[in-house]
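Right, one structure below, let's go through it.
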2 protein chains.
Amino acid sequence: MTYCVGIEVDEGLVFAADTRTSASFDDVRVYRKMHVFEYPGDRVFVLLSAGNLATTQLTISRLKRDAEDPDCTRSLRTFKHLFEVAEYVGEVLVASQAAVTDQAQQSGVSVQSTLVLGGQIAGERPGLYMVYPLGNCIATSPETPYLQIGESKYGKPILDRILRPGTTLEDAARCALVSLDSTIRSNLSVGMPLDMAIIRTGDLRISQQLRLEADTPLYAEIHDTWSRKLENAVRTLPRFPWEPPRAGDEAEERGPAPVTAPPRRMAARLDPGDEAGQQ
Amino acid sequence: MTYCVGIEVDEGLVFAADTRTSASFDDVRVYRKMHVFEYPGDRVFVLLSAGNLATTQLTISRLKRDAEDPDCTRSLRTFKHLFEVAEYVGEVLVASQAAVTDQAQQSGVSVQSTLVLGGQIAGERPGLYMVYPLGNCIATSPETPYLQIGESKYGKPILDRILRPGTTLEDAARCALVSLDSTIRSNLSVGMPLDMAIIRTGDLRISQQLRLEADTPLYAEIHDTWSRKLENAVRTLPRFPWEPPRAGDEAEERGPAPVTAPPRRMAARLDPGDEAGQQ
């Protein structure tokens, strides 16, 4: 499986993707699912992919070939509008699936892929599209400023709660990392390292690009502090009627959170044995 | 669909369930999915249900009938151990499905239900079981102190991050409410009102029971403040290398969060029109 998310806020676009591909539990590999097409000053695109890896690779290879061919009249470099690029990417995606569709149907393997395409062409605002396996697309909207592909449910609540068009680009990026971190923690089929790219409106190039390993200090710090922050947030939610009031009173008015150990990192302890484990 | 969660911590058990049942988008109703069997001083059980409503109702009716029959030798009141009760509930569940299995297979309707059973019998610790449609069961473990049924993915990350055996009963209850609130926000098939029950270890009765509507002050307050707390938590996560340091420095040392409006409750504004909506 996969988890990728693209976010569009007023300040620009954020892309984040995991890198785990799995044909089965015992066939797990690391592949990049974030693909960058950058023509600084003119246009910049990022593609996120979920689904069949062969289809994705063929699609990316064809997009690259066309873009590098100066005689090609239809490529990532030729269209004037992002929605036309999205349509074109959809066509290439459908063509990449078509080659093996007949054999696939017989074997029961899905050769479909779904893409998220975002970027900016000079003269337009940045935009973000989901390209479906049928080749059709939808864009983000101010009410739904993000698009997810793959294992999307675990990481959706944090996006729903935080993201608005006015969210800063960096807060949107932090939100994407938390969304990915939550998914990785709750689902084995999504895994490190993570890729992240940021396109600031008007930059017309990749403004920031990061590969985050589990031990990259920035990611490790986010991973370690997020659980503590959540735990503190849960603890300072309104009390139930039967609970005594909290020392120091009003949750919202409290000072710094008490420093607690990160959850799930308990000191070594005796194996409780089956007795405790089972009941 | 449905979302129910049962949590076992050292201090006792927490149960929470939504109440939306849907045969289809245009056939949505409110049904209780939390069922209480209370024999104060001797034993107490809570059942959470997901799946086919007819199966669940038949199962609950049979469990009640048996428990109220003083001559019945196998009922919720007769077993000495919770795992035996879980086995028995599994048997009743399988029998309730069996009556309609043949017709169901022809029509393509699933008549299966999955249950979460928790409670305490005098002389034992409290326990929590998942009862599968086949009638078999699993218990919680210290490493996995919760069980979910129904639309479980949205609300899983918060449980994974917060819950440990040492979590207080009320923090576990707050965590369950946030888990449900996140799911309701992200998935239409899970809806208000919510039912919650708490069994404190040794009470041998329902210690607390709540029905929470969207406008119940406690729930409304949790709903309103959680997003704000999350937003502040995201904003105070480590900065990216290219960002200027935060005013007031170290995120962890900061005082009370700046008061911001709850997300998604923006002032009325002009309709941006299709132009902005589409791109």
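Here are a few things to note about the model shown:
- Pairs, first under 16 Å from A:Leu82 (Cα atoms) in segment A:19-47, second assigned to a strand (DSSP E or B) and open to solvent by 30 Å² or more (accessible area, probe 1.4 Å), C-beta under 6 Å, six or more apart: A:Val44/A:Glu38; A:Val46/A:Val36; A:Leu47/A:His35
- The strands (runs of 3 or more DSSP E) found entirely in segment B:104-145 that carry 2 or more residues being within 14 Å of chain A (Cβ to nearest Cβ) and within 19 Å of B:Thr167 (Cα to Cα) are B:113-121, B:127-131.
- Answer from B:Arg246, B:Arg174 - the residue that is of a type in the set (Lys, Arg) and open to solvent by less than 30 Å² (accessible area, probe 1.4 Å): B:Arg174
- Conditions (1) within 11 Å of another protein chain (Cβ to nearest Cβ); (2) under 21 Å from B:Leu13 (Cβ atoms); (3) open to solvent by 20 Å² or more (accessible area, probe 1.4 Å): number failed by B:Tyr219: (3)
- Every listed requirement among (1) modelled with pLDDT under 95; (2) of a type in the set (Ser, Thr, Tyr); (3) farther than 25 Å from B:Leu128 by Cα; (4) in contact with a Lys or Arg (Cβ under 6 Å, 6 or more places away or on another chain) is met by A:Ser207 save one, (1).
- A:Ile199 being of a type in the set (A, V, I, L, M, F, W, C) and either in contact with a Lys or Arg (Cβ under 9 Å, 6 or more places away or on another chain) or under 30 Å from A:Ala99 (Cβ atoms) (or both): yes
- Residue in segment A:171-187 that is in contact (Cβ under 8 Å) with a residue 24 or more places away in the chain and in a loop (DSSP other than H, G, I, E, B) present: yes
- Breaking point among (1) without any contact (Cβ under 8 Å) to a residue 40 or more places away in the chain; (2) surrounded by fewer than 20 Cβ atoms within 10 Å (Cβ to Cβ), for A:Lys229: (2)
- A:Glu151 vs. criteria touching a Leu at 6+ places or on another chain (Cβ under 9 Å), open to solvent by 10 Å² or more (accessible area, probe 1.4 Å) and within 12 Å of another protein chain (Cβ to nearest Cβ): no
- Residue within segment B:106-116 that is crowded, with 24+ Cβ neighbours inside 10 Å, polar (S, T, N, Q) and over 30 Å from A:Thr225 (Cα atoms) present: yes
- Check on A:Ile158, β-branched (Val, Ile, Thr) and within 24 Å of A:Leu53 (Cα to Cα): no
- Considering residues of segment A:227-251 that are part of a helix (DSSP H, G or I) and within 7 Å of chain B (Cβ to nearest Cβ) only, the residue modelled with the lowest pLDDT: A:Ser227
- Given (1) touching a helix residue (DSSP H, G or I) at 6+ places or on another chain (Cβ under 9 Å); (2) at the interface with chain B (Cβ under 9 Å from one of its Cβ atoms), index of the condition A:Arg164 fails: (1)
- The condition (being of a type in the set (Asp, Glu), within 8 Å of chain A (Cβ to nearest Cβ) and over 19 Å from B:Ser49 (Cα atoms)) is satisfied by just one residue among B:Asp171, B:Asp203: B:Asp171.
- Only a single item in (1) in contact with a Lys or Arg (Cβ under 7 Å, 6 or more places away or on another chain); (2) farther than 29 Å from B:Arg205 by Cβ is not met by B:Tyr88, and it is number (2).
- Of all residues making up segment A:167-183, the number that are within 19 Å of A:Ala214 (Cα to Cα) and touching a helix residue (DSSP H, G or I) at 6+ places or on another chain (Cβ under 9 Å): 9
- Residue tally, condition open to solvent by 10 Å² or more (accessible area, probe 1.4 Å) and either more than 7 Å from every other protein chain (Cβ to nearest Cβ) or out of contact with any Pro (no Cβ under 6 Å at 6 or more places or on another chain) (or both), over segment B:177-192: 6
The values are calculated or read from the model by the stated rules, or taken from the named source; none is laboratory data. In this text, all values refer to a predicted model and were calculated from it rather than measured experimentally. Note that each Cβ is placed from the backbone with ideal geometry, even for glycine, and that neighbours are counted across all protein chains shown. Accessible surface is based on the protein model in full, side chains and every heavy atom, while ligands, DNA and RNA are left aside. Shrake-Rupley method; radii C 1.70, N 1.55, O 1.52, S 1.80 Å.
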